[in-house]
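What follows draws every value from the coordinates through simple rules; no lab data is involved. Since we're looking at a predicted model, the values are computed, not measured. Every residue, glycine among them, receives a Cβ derived from its backbone with ideal geometry; neighbour counts consider all protein chains shown.
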Amino acid sequence: MNSLWKVFTTTIGKKAVMAGTGGVLLAFAVVHMAGNLQMFLGWGDINHYADFLKSHREALWPFRTVLATCLLLHVATGVFLTLDNRQRRGTPYEVKKLVGASFGSRTMLISGSIVLCFIVYHLLHFTMGVTNPEYLTFQDSQGRADVYRMIKTAFSGLAIAGFYVLGVGALGFHLSHGVRAMVESLGLRMETWASRIDKTSIVVACLLFLGFASVPLAVLMGVLK
């Protein structure tokens, strides 16, 4: 345990934790987006999907625990790495490195903080029903939680739909550098593949943004009825 803690306190160890937890969270984001896109298949498919998840609570809660742990570790290591970088910023090497860094890399803590706030609101809004408790009473004709109606009701207003689009926009911006940094921290970024990895990072970020943003925009524009 002591050896594990020593690894975590090193810069390399923190980056490894950051990359590993980021990979888990990215995989979840892809799966979550795929689930959300079932809105375009109709109320039956999205409600069946939600009911399937709720009916397997013995697997759902351990999964949520793993995700919560990864999120906390990702946030903590992100803060620690940012503080470490600020302490070393006075050296010539760090100044040179900062000048050559992209805007996305220099604002990772800011974009990450926005994403974290968005996640908290999303959980309070849909998962827990704290902000809108009436959502938890919605049921379809088969007695299942009516997620389709819940999402349509939430995104029928410009304020919430717009907020979600901005939230997933921040997520996409965060990932545009985060995917590249994850590959680099895991030692998988070779110079011959650097350009392709950079482009792939941007493509992944854009696809996730478009996938998540398509649902609130479709509801707002009346595509989903």
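Under 5 Å from the amide H of Phe138 lie the amide H atoms of Asp146, each residue being 5 or more positions distant or on a separate chain, with H modelled from the backbone and absent for Pro and chain starts. Full extension of the segment from Asp45 to Ala27, taken as 0.36 nm per residue of separation minus the current Cα-Cα distance, would add 4.3 nm. Could you tell me which label, among [x] 12.3; [y] 14.8; [z] 13.8, carries the value of mean projected area of the Cα convex hull in nm² calculated for this structure? Matching the structure shown: [y].
Here the Karplus relation 6.51 cos²θ - 1.76 cosθ + 1.60, evaluated at θ = phi - 60°, turns the backbone of the stretch 115-122 into coupling constants of 4, 4, 4, 5, 4, 4, 5, 4 Hz, with x for every Gly and Pro. For the stretch 181-186, the Karplus equation 6.51 cos²θ - 1.76 cosθ + 1.60, evaluated at θ = phi - 60°, returns couplings of 5, 4, 4, 5, 5, 7 Hz by residue, with Gly and Pro reported as x. Pairs of Lys residues in the chain are counted when their Cα atoms are under 29 angstrom apart and they lie 8 or more places apart or on different chains; the count is 15. Protection proxy ranking of 166-179, 133-146, 208-221, by the mean of other Cβ atoms within 10 Å over each peptide's residues and highest first, is 166-179, 208-221, 133-146. Which FRET efficiency value, to the nearest 0.05, is calculated for Arg106 and Leu37 with the Förster distance at 41 angstrom and r the Cβ-Cβ distance? With a Förster radius of 41 Å, E is 0.80.
Taking the number of Cβ atoms within 10 Å of each Cβ as an exposure proxy, the fewest-first ranking of Val17, Val147 is Val17, Val147. Of the residues Thr65, Thr131, Thr107, the one with the fewest other Cβ atoms within 10 Å heads the list, and the complete ranking is Thr65, Thr131, Thr107. The helix-only estimate of mean residue ellipticity at 222 nm for the chain, built from DSSP H runs of length n ≥ 4 each weighted as -39500 (n - 2.57), is -25000 deg cm²/dmol after division by the residue total.
With θ taken as phi - 60° and the Karplus curve 6.51 cos²θ - 1.76 cosθ + 1.60 applied, the whole-hertz 3J(HN,Hα) list for the stretch 213-225 is 6, 4, 5, x, 5, 5, 5, 4, 8, x, 6, 9, 10 Hz, x standing for glycine and proline. For the chain, a crude dipole built from +1 on the beta carbon of Lys and Arg and -1 on the beta carbon of Asp and Glu, taken about the Cα centre, is about 720 debye to the nearest 20.
Placing unit charges on the Cβ atoms of the charged side chains and taking the dipole of the chain about its Cα centre, the candidate lying farthest along the positive direction among Gln139, Ala218, Cys117 is Cys117.
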